[in-house]
1. Tell me whether the stretch 373-380 contains one or more residues that are part of a loop (DSSP other than H, G, I, E, B), acidic (Asp, Glu) and out of contact with any strand residue (DSSP E or B) (no Cβ under 8 Å at 6 or more places or on another chain).
2. Go through the stretch 302-330 and give me each residue that's assigned to a helix (DSSP H, G or I), touching a His at 6+ places or on another chain (Cβ under 7 Å) and surrounded by fewer than 23 Cβ atoms within 10 Å (Cβ to Cβ).
3. Checking the structure you have, find out if any residue of the stretch 178-195 is in the same structural domain as Leu226 (by TED's automatic domain parsing), out of contact with any helix residue (DSSP H, G or I) (no Cβ under 8 Å at 6 or more places or on another chain) and closer than 22 Å to Lys228 by Cβ.
4. When only residues in the stretch 50-86 that are hydrophobic (A, V, I, L, M, F, W, C) and closer than 16 Å to Ile26 by Cα count, which is surrounded by the most Cβ atoms within 10 Å (Cβ to Cβ)?
5. Condition test on Tyr263, is it part of a strand (DSSP E or B), touching a strand residue (DSSP E or B) at 6+ places or on another chain (Cβ under 8 Å), in the same structural domain as Val217 (by TED's automatic domain parsing) and aromatic (Phe, Trp, Tyr)?
6. Return the residue satisfying two criteria in turn: it lies in the stretch 418-428 and is outside any helix (DSSP H, G or I) and of a type outside the set (Asp, Glu), and of such residues it is surrounded by the fewest Cβ atoms within 10 Å (Cβ to Cβ).
7. Inside the stretch 388-417, can you point out the residues that are assigned to a loop (DSSP other than H, G, I, E, B) and loosely packed, with under 13 Cβ neighbours inside 10 Å?
8. Mind checking which strands (runs of 3 or more DSSP E) fall wholly inside the stretch 210-259 and carry at least 2 residues that are surrounded by 15 or more Cβ atoms within 10 Å (Cβ to Cβ) and touching an Asp or Glu at 6+ places or on another chain (Cβ under 8 Å)?
Amino acid sequence: MKVHFIAIGGSAMHNLAIALHKKGFIVSGSDDAIYEPSVSRLSRYGLLPEQNGWYPEKITPDLDAVILGMHARPDNPELLEAQQKGLKIFSYPEYVYEQSKDKLRVVVGGSHGKTTITSMILHALQAAGKDFDYLVGAQLQGFDTMVKLSDAPLIVIEGDEYLSSPIDRRPKFHLYKANLAVLSGIAWDHINVFPTFENYTEQFEIFIQTMVPGGTVFYAGNDEALQKVIAANTSKINKIKYQLPQYEVVNGITIITYKEKQYPLEVFGEHNLLNIEAARNICGELGISTDDFYSSMVTFKGAACRLELLGKNEATNIYKDFAHSPSKLKATINAVKSQFPDRKLIACMELHTFSSLNKEFLHEYAGCMNEADHAIVFIDAHTFIQKKMEPYGEDFVKEAFDMPTLQFYNQPEVLEAFLQQQDYTDKNLLLMSSGNFGGVDLNDLAVKILNK
């Protein structure tokens, strides 16, 4: 098979390119800009384009498929050439389904926890010696790529609700036709695509309708919006809710108890305990016993940037997390506060995505940082310029978060200096963003704070 990637440098796209290359496909690709780690990883497999840019001459009649990335525009010259030649054009979720339509497909969806639940399932499957393929949205310890496609009978897919490609406006998770599924919850996101909560919620209703008849969806029993969707659905599938397991926190360690046996975890927080139960239910369907599953969770360290421990000493733990939406922010702050009730929490988050920066959406953040002892919001001043959005300042942010004591920064060097100056005795620091805090090196910052 010969395939060409338009916008090969994307996170999912370059991983899919590598996966197909490993499967023996002839892979080519183009992009107008490619950044690390995509550059190094594509180069390692001989897939890095010789030069950046779009080259219609690469679109030859012998291509079996053209795979179109979200980064490309509808008027991309390579796309236009492929359309003119009548070649088969796929979004990457379409092509993942094309490669897995004869497999048992597990799809993990929801507004939060997708990557972690998927990672937990993969970790348990690997510990059990199962043969499986996967697609996950983060680089995982023990896994070379974020995508694997082989002759395995099973594939586990992180089911993103964002759009599939510039010419396919369907959410990605609508394309996988799940046999088994998880829905972790519904909290409004991607408002540039789904302008109302009702419109966003509808995507999950449609997802359930795309499932294979007779399949099973496991859903979070604590989510009201999700329960309404499940109750209204008439699809001929099994609908089973999951809830928190029996657990306790002892000396800063979360321990699950099952049939009088204890399983100490490296991850923590009620949201992660719910994630574990979602993964446990799926793994039970895949032939893994509850004891074997919980035993594997003892060594699960979490997905990258999901409550990732940057460093610690006797008085302080410093974490970074991908949290950026209101529901994720609230759950992550609650997790750290619950795990360390005797320590105060300095919580610092960056508003970075289009949705989170939108003035009309910002009030969705009201109250979400209230559990923090010291709340900080950062917006890189350049972000408004890059995204061509109307800027706003401290007063508007405080009003939207409904938190007069909140501190606001818009210059990374000022934020970094402030964080270094704080007294962290019996305090934890939580850094939350889907961006990079204006280029602040968080690992270096953690070292400086802990070595004061």
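The values are calculated or read from the model by the stated rules, or taken from the named source; none is laboratory data. Please read all numbers here as calculations on a predicted model, not as lab measurements. Note that each Cβ is placed from the backbone with ideal geometry, even for glycine, and that neighbours are counted across all protein chains shown.
1. Initially, the stretch 373-380 is screened for residues part of a loop (DSSP other than H, G, I, E, B), giving 373, 379-380.
Within this subset, residues satisfying the condition of being acidic (Asp, Glu) are 373, 380.
Now drop any that are not out of contact with any strand residue (DSSP E or B) (no Cβ under 8 Å at 6 or more places or on another chain), which leaves none.
No, every residue in the stretch 373-380 fails to be part of a loop (DSSP other than H, G, I, E, B), acidic (Asp, Glu) and out of contact with any strand residue (DSSP E or B) (no Cβ under 8 Å at 6 or more places or on another chain).
2. Residues of the stretch 302-330 assigned to a helix (DSSP H, G or I): 326-330.
Next cut, touching a His at 6+ places or on another chain (Cβ under 7 Å) only: 327-328.
Hit for the stretch 302-330 is Ser327, nothing else.
3. Looking for residues that are in the same structural domain as Leu226 (by TED's automatic domain parsing), out of contact with any helix residue (DSSP H, G or I) (no Cβ under 8 Å at 6 or more places or on another chain) and closer than 22 Å to Lys228 by Cβ, one finds at least one in the stretch 178-195, hence yes.
4. Ile67
5. Working: part of a strand (DSSP E or B): yes; touching a strand residue (DSSP E or B) at 6+ places or on another chain (Cβ under 8 Å): yes; in the same structural domain as Val217 (by TED's automatic domain parsing): yes; aromatic (Phe, Trp, Tyr): yes.
Yes: the conditions hold for Tyr263.
6. Our first condition is that a residue be outside any helix (DSSP H, G or I); within the stretch 418-428, this holds for 422-428.
Adding the requirement that they be of a type outside the set (Asp, Glu) leaves 422, 424-425, 427-428.
On the way: Gln422: 14, Tyr424: 20, Thr425: 10, Lys427: 18, Asn428: 21.
Checking each candidate, the answer is Thr425.
7. Matches in the stretch 388-417: Lys388, Glu390, Gly393, Pro404, Thr405.
8. Working: elements: 216-220, 238-242, 247-250, 253-258.
Counting at least 2 such residues, we get 253-258.
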